[in-house]
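First up is the structure itself, then whatever we jot down about it.
The values are calculated or read from the model by the stated rules, or taken from the named source; none is laboratory data. Bear in mind the structure is a predicted one, so any value in this text is a computation, not a measurement. Ideal geometry is used to build each Cβ from the backbone, glycine not excepted, and the neighbour counts take in all protein chains shown.
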Amino acid sequence: MAQAITDKDGVKRYLITLNVNGDAHTVLVKGNAILTNVLREQLDLTGTKKGCELGDCGSCTVLLDGKPVDSCLVLAIEADGREITTIEGVAENGRLDAIQESMINHAAVQCGYCTPGMVLSAKALLTRNPNPSEQEVREAISGNLCRCTGYVHIVEAVLATAQGRLTPDDH
Amino acid sequence: MSDNHKVIGRSVPRIDGPEKVTGGAKYTGDLKFPNMLYGKILTSPHAHARIISIDTSEAERLPGVKAVITHKDVPTLKYGLSPARWDESIFCSDKVRFVGDKVAAVACLDEDTCYRALKLIKVEYEVLPAALDFLHAMDEGQPQVHEEYARNINTEIHQEFGDVEKALAEAHHVRTDTFVGQRTYQSPIEPHSAISMWDGGKLTIYSSTQSPHYFQHYIAREFDMPMGDVRIIKPYLGGGFGGKLEPTGLEFAGAVLARLTGRPVRTFYDRAEMFAHNRGRHAQYMEITTGVDKNGKILAAKANFLMDGGAYTSLGIASAYYAGALLPLTYEFDNYQFDMFRVYTNLPACGAQRGHGAPQPKYAFESHLDNVAADLGIDPMDIRIINARRPDTVTPNDFRVNSCKIKECLERVRVMSGWDEKKKNLPRGRGIGVATGSFVTGAGYPIYRTDLPHAAAFIKVCEDGTAATLYTGSVDIGQGSDTVLCQMAAEAMGYRYEQMKIVAADTEITPLDFGAYASRQTYMSGAAVKQAGEEVKRQILEMASSMLGLPADDLDCADGMIFSKSRNGKSLSFEEVARKHFVLRGPLLGRGSYTPPKLGGSFKGAAVGTSPAYSFGAQVGEVAIDEETGEISVVGIWDVHDCGKVINPRLLHGQVHGALYMGMGEAVWEEVLFDDKGRIKNAELANYRLLTAVDMPPITSEVVDSYEPTGPWGVKEVGEGATNPTLGMFSNAIFDAMGVRVNSLPLSYEKVWRALKEKREREEDARREEDARREAHDRRADAQREADGPTPIYANPI
Ligand code: FES
Ligand code: FES
């Protein structure tokens, strides 16, 4: 159990450790702090977006122990000691992940606000199922709302990544 | 129309792609400044109420609260987007006019304290009866939303071109239908936010805006400042679709809070507040009458509309004009009448949403046209081809159309969708529908009256020639304008796209551009960029001419190489020449600007809907209806567009997909719903019902080969135009599947189920009546036979 500290007004805060993208961060959070806000405000990892704070849009998606979750529905204290991957942790050593590359090449990115969440949901799917059907791709990203693309190029980009083609033929 | 372009016409990857896929792209709400405070606005819980008193003292005493402001602390000047009706205030002083109207604001150390402080502000209201139903807002005895607008009439329009009554009297067939369109909301995934800060007398605002220029203009006006002391910066923007075009109040409140506290203040709307701010599509009642000859050629049309404006004008005057002005664009007819009332109600204000004003009237007209075709027994595709506008024509309301390939779009989509086959063979419960659309390529006139150019651009080539930076006031809201404009700049300069950089949408650094609305950027900003690129190229060729000892007009530059047009072998790289230019002549710069020609007639409202060029398109959709549940499955959508020269095909099709997605949502699912107190019932994305990836059908989109003579390299619009046919297309496909028409949007499962049920009941009633009639007839015949005795047998008369 995380160590609790009570301030002079009687508000309790908890000292927790978040393992984000391989780095351990010790942070002090209130009991009701949501993971999205702690990542964005305390760790400055603003790649995790906020679109609704209700679990509707998926723009706050992060991987918690490898599984995609809406970080606005996760309390920071629930993530204590667990492995978190945010969008900042997807590219390694400055090299884009295949899914990122493919999303750019397929023009699956428009305003880009849904993109971090979309990339993480897609990545989780491809890790779990390297050869998904179109329907499986659609289901895997159905918790990530995109208002710009109609999902056409996004679905294409994910399927192409699975097939090892990061660039569309019409490029 | 030569096609030896090196950069344009290619699906180059987005210039902002890497930042966006790595989470590096900073949107307004991601920014943080030292000493920054958080600001929040207190809004009205009532649809209509008089403010008796506001007591902020308790909120002020809360630790962590740095400022609390009400109408007493802010400029009282009314603002709005349409200068014709400035009717909004930063904060309400006498009354609130909708649930969500702005009353006060706080600045605090953190977000939590903001919410607590808002609860401590005591506002005493006298609740007034509210006008919530736009169909009755003009009735006698309805509550008045604004004292100065009798019968809640915000604007009324009466236009007539040709002689409508005469044409209708002479028509072979006249039909009237009425339709109702619902209120929808843009729902960009990024919520609105702004960060305001003062440096002496200078105000800087980072804002999620579609037009830094209009923001700068309106903020300077509101605070009575010279425009030069207001700087608006647009960081990355997470979608707009018309919803981020105007001041939200966040930036006005934020600016005042920042001045009072001397600290940067970040203000923002949460999702529910965004719904309350709204500015989405107007709900609309539409009556349409058309007269046609026996072949289905339209002779005259009459549109009689009523629009729910909500509590303020917003961009609604333009929306009202657009609703009628664009209607005679796709089809040719000479006689046209348009009557419209936009009324105030105690609901959030409506404004411009993708396709501004046009999608719902198009839904009504396209549904109506199918009814007319059915009356006459004409194929819906044929009636559209018969009436399709031709190039180089003028609409009855004086819009000049240059390029126009709507006929080709229809013919192509007919083939792609397998229309003729399907029309004959689709089984019961399946249907196919077609509709067309057209849209402006940028508005012919700015939103406020000014003679400033509509777009401008600079290009600065790096000292060693290894990069060139485009400076533009245009706004990439996701549509990809940064990429497309860099492609255009590189093409005009003879440079490489991969070496382009861009600085966009910062009023202090970049030259004026009216921004992202009315589908104007590729065309208008593109024209300015092309001019700037050509100025760079001219200087490069002049410099190269002296370096090579060849006349400048014998030289050309493409793909970063300067070469002689007449002889082989002599060439220089762009880099070498640019560097030399910098050494000998100083910075290598290009400038460009664009002002549209004078457009349109001289009647009242003639300016709205004018554009230097119009895009066209046609869509076919196939649906399957579950007769038990009313559930609509979309089998496929085919879209063909005439959007002139295509600069980046992938980005263009992305726009079409997105427009179809939005149109499909509006056609079948999306609707902002209110309770009887004027409160939004579904102010969340889940219940407003945005479509997910599993809801989307297969989409096939194509373009026809097209060239717009007035556009840079022949370009035209696509981003909004692709929404225009969609609602009508669905309406017609559903009509085809069910044989009965649902006359209001959204065409929800429930309405479809109800319409089918009523149809079944009607058919059953008819069958029962028929049976009863037949029985009665038989009875009568039997009785007669009895009375007549045995039937006489006649000899064969021959
Ligand atoms: S912000 Fe978490 S799902 Fe929308
Ligand atoms: S790209 Fe804009 S929300 Fe997906």
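Worth pointing out:
- Only one of the listed residues (A:G164, A:G143, A:G150, A:G112) is away from ligand 1 (no atom under 16 Å from the Cβ), part of a loop (DSSP other than H, G, I, E, B) and within 26 Å of A:K50 (Cβ to Cβ). That residue is A:G150.
- When region B:444-466 is filtered for residues that are surrounded by 18 or more Cβ atoms within 10 Å (Cβ to Cβ) and touching a helix residue (DSSP H, G or I) at 6+ places or on another chain (Cβ under 8 Å), the ones remaining, listed by number, are B:I447, B:P453, B:H454, B:A455, B:A456, B:A457, B:F458, B:I459, B:V461, B:G465.
For every residue, the table says whether it meets (1) buried (at least 24 other Cβ atoms within 10 Å of the Cβ); (2) within 16 Å of ligand 1 (Cβ to nearest atom); (3) modelled with pLDDT of 95 or more.
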residue: B:R231; (1), (2), (3): no, no, yes
residue: B:G242; (1), (2), (3): yes, no, yes
residue: B:P247; (1), (2), (3): no, no, no
residue: B:F252; (1), (2), (3): yes, no, yes
residue: B:L260; (1), (2), (3): no, no, yes
residue: B:Y269; (1), (2), (3): no, yes, yes
residue: B:M274; (1), (2), (3): yes, yes, yes
residue: B:H282; (1), (2), (3): yes, no, yes
residue: B:T290; (1), (2), (3): yes, no, yes
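- Qualifying residue in region B:211-229 (condition: within 14 Å of chain A (Cβ to nearest Cβ) and under 19 Å from the mean Cα position of the chain (by Cα)): no
- If you go through region B:230-270 and keep only what is away from every other protein chain (no Cβ under 14 Å), among the hydroxyl-bearing types (S, T, Y) and within 21 Å of B:S89 (Cβ to Cβ), you end up with B:T248, B:T267.
- Taking region B:268-377 as the region of interest, the helices (runs of 4 or more DSSP H) fully inside it that hold 3 or more residues being within 22 Å of B:D163 (Cα to Cα) are B:316-325, B:359-376.
- Sole residue being more than 14 Å from every other protein chain (Cβ to nearest Cβ) and closer than 26 Å to B:Y614 by Cα, chosen from B:Y471, B:Y523: B:Y523
- Listed by position, the helices (runs of 4 or more DSSP H) contained in region B:671-790 that have at least 3 residues being away from chain A (no Cβ under 14 Å) are B:726-738, B:749-788.
- Residue tally, condition surrounded by fewer than 19 Cβ atoms within 10 Å (Cβ to Cβ) and either assigned to a loop (DSSP other than H, G, I, E, B) or of a type in the set (A, V, I, L, M) (or both), over region B:142-167: 10
- Residues that are touching a helix residue (DSSP H, G or I) at 6+ places or on another chain (Cβ under 6 Å) and more than 16 Å from ligand 1 (Cβ to nearest atom) do occur in region A:23-34, at least one of them.
- Residues that are away from ligand 2 (no atom under 16 Å from the Cβ), among the polar types (S, T, N, Q) and more than 20 Å from A:G31 (Cβ to Cβ), drawn from region A:61-113: A:T85, A:T86, A:N93
- In this entry, B:F275 is excluded by the filter for residues that are under 17 Å from B:Q182 (Cα atoms), free of Cβ contacts under 8 Å to residues at least 60 places away in the same chain and in contact with a strand residue (DSSP E or B) (Cβ under 8 Å, 6 or more places away or on another chain).
- The set of residues from region A:34-68 being among the aliphatic types (A, V, I, L, M) and more than 7 Å from chain B (Cβ to nearest Cβ) comprises A:I34, A:L35, A:V38, A:L39, A:L43, A:L45, A:V62, A:L63, A:L64.
- Within the option set B:V635, B:V577, B:V640, B:V623, being under 30 Å from B:A516 (Cβ atoms) and either in contact with a strand residue (DSSP E or B) (Cβ under 8 Å, 6 or more places away or on another chain) or among the hydrophobic types (A, V, I, L, M, F, W, C) (or both) holds for one residue only, B:V640.
- Where A:G31 falls short, out of the listed (1) away from ligand 2 (no atom under 16 Å from the Cβ); (2) in contact with a Pro (Cβ under 7 Å, 6 or more places away or on another chain): (2)
- Within region B:543-583, being part of a helix (DSSP H, G or I) and basic (K, R) holds for B:R579, B:K580.
- Pairs linking a residue in region B:554-566 that is surrounded by 19 or more Cβ atoms within 10 Å (Cβ to Cβ) to a residue that is among the β-branched types (V, I, T), with Cβ atoms under 7 Å and 6 or more positions apart or on different chains, are B:L555/B:I562; B:C557/B:I540; B:I562/B:I540; B:I562/B:V577.
- Against the numbered list (1) within 13 Å of ligand 2 (Cβ to nearest atom); (2) part of a loop (DSSP other than H, G, I, E, B); (3) in contact (Cβ under 8 Å) with a residue 12 or more places away in the chain, A:A122 comes up short only at (2).
- Residue match in region B:23-37 (condition: more than 9 Å from chain A (Cβ to nearest Cβ) and not in a loop (DSSP other than H, G, I, E, B)): yes
Residue by residue, here is whether (1) of a type in the set (A, V, I, L, M); (2) more than 14 Å from chain A (Cβ to nearest Cβ); (3) crowded, with 17+ Cβ neighbours inside 10 Å; (4) in a helix (DSSP H, G or I) holds:
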| residue | (1), (2), (3), (4) |
| --- | --- |
| B:I41 | yes, yes, yes, no |
| B:H46 | no, yes, yes, no |
| B:I51 | yes, yes, yes, no |
| B:E60 | no, yes, no, yes |
| B:P75 | no, yes, no, no |
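- Looking only at region B:698-714, and only at residues there that are under 22 Å from the mean Cα position of the chain (by Cα) and buried (at least 18 other Cβ atoms within 10 Å of the Cβ), the one that is nearest to A:E53 (Cα to Cα): B:I699
- For region B:55-96, a residue qualifies if it is within 24 Å of B:A349 (Cα to Cα) and among the aliphatic types (A, V, I, L, M), and the qualifying residues are B:I69, B:V74, B:L77, B:L81, B:A84, B:I90, B:V96.
- Lone unmet requirement of (1) over 17 Å from B:E190 (Cα atoms); (2) more than 7 Å from every other protein chain (Cβ to nearest Cβ) for A:G117: (1)
- Among the residues of region A:42-67, the one identified as within 16 Å of ligand 1 (Cβ to nearest atom) and surrounded by fewer than 16 Cβ atoms within 10 Å (Cβ to Cβ) is A:K67.
- Any hit, region B:176-194, residues being in a loop (DSSP other than H, G, I, E, B), over 26 Å from the mean Cα position of the chain (by Cα) and at positive phi: no
- Every condition in (1) within 25 Å of A:S142 (Cα to Cα); (2) within 11 Å of chain B (Cβ to nearest Cβ); (3) outside any helix (DSSP H, G or I) is met by A:I99 except one, and the failing one is (3).
- Contact annotation: residue pairs with Cβ atoms under 7 Å, 6 or more positions apart or on different chains, pairing a residue in region A:133-158 that is at positive phi and at the interface with chain B (Cβ under 8 Å from one of its Cβ atoms) with a partner that is in a loop (DSSP other than H, G, I, E, B) and more than 13 Å from ligand 1 (Cβ to nearest atom), are A:G150/B:M696; A:Y151/B:M696.
- Condition check for B:N402 on (1) within 24 Å of the chain's Cα centre (by Cα); (2) buried (at least 24 other Cβ atoms within 10 Å of the Cβ); (3) not charged (D, E, K, R): one failure, at (2).
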